[in-house]
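Right, one structure below, let's go through it.
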Amino acid sequence: MDEQRKKIITNEIRYWKQNRMLPEHYCNYLLNMYMEGADQADAPNKSAPPSLLGYILLGFVTLSGFLFYFTELSLFLQMTFIAFFGIVSILSAFYLVKKSFLQQVPLLSAALLFLISSVEAVEIIFPGKPILLYAVTGLNCLLWIAAGMKLGLISFKLSGFAGLLVLLIIIFI
């Protein structure tokens, strides 16, 4: 490919990157491909912090399950931890969307934290009432489906439908 054509293409890709017409990591890939790796300053390594953030958020989900089911902390302290983890997850999702990184990990952790906390709250406030537990679980699944449709995330839609299917099987069998 001649140099003039490469220059036009790379300028167009830089324009896409600057105006967020494509995710930044796609633009970095295309720039590296067309420039044959010559311009390394244009493709910063921003993949490490989001993956580390994703692992931390998934750790929050695990820790919240541990706090609810294997400790004798007070309800107030458990809910405080879960609220903190949920707020961090939601803020992380906004940060990653703004930086054009994959936002599914923080959204997933926020959804799971909300599910865990709402199920635990129903079990504590209304013990022995499975109908309310089914209703809260069904509402969580419907919320996942709505979030999947709004954000265009197939994983949330599938999780919501699978959750509703499992819930219906549990109720009627």
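Numbers below:
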item: Pairs, first assigned by TED's automatic domain parsing to the domain that holds Leu112 in segment 60-75, second polar (S, T, N, Q) and surrounded by 11 or more Cβ atoms within 10 Å (Cβ to Cβ), C-beta under 7 Å, six or more apart; result: Phe60/Ser89; Phe60/Ser109; Val61/Ser109; Leu67/Gln78; Phe68/Gln78
item: Restricting segment 156-173 to residues that are buried (at least 17 other Cβ atoms within 10 Å of the Cβ) and not aliphatic (A, V, I, L, M), the residue that is nearest to Pro106 (Cα to Cα); result: Phe156
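The values are calculated or read from the model by the stated rules, or taken from the named source; none is laboratory data. None of these values were measured; they are calculated from a predicted model. A quick note on method: Cβ atoms are made from the backbone with ideal geometry, for glycine too, and the neighbour counts reach across all protein chains shown.
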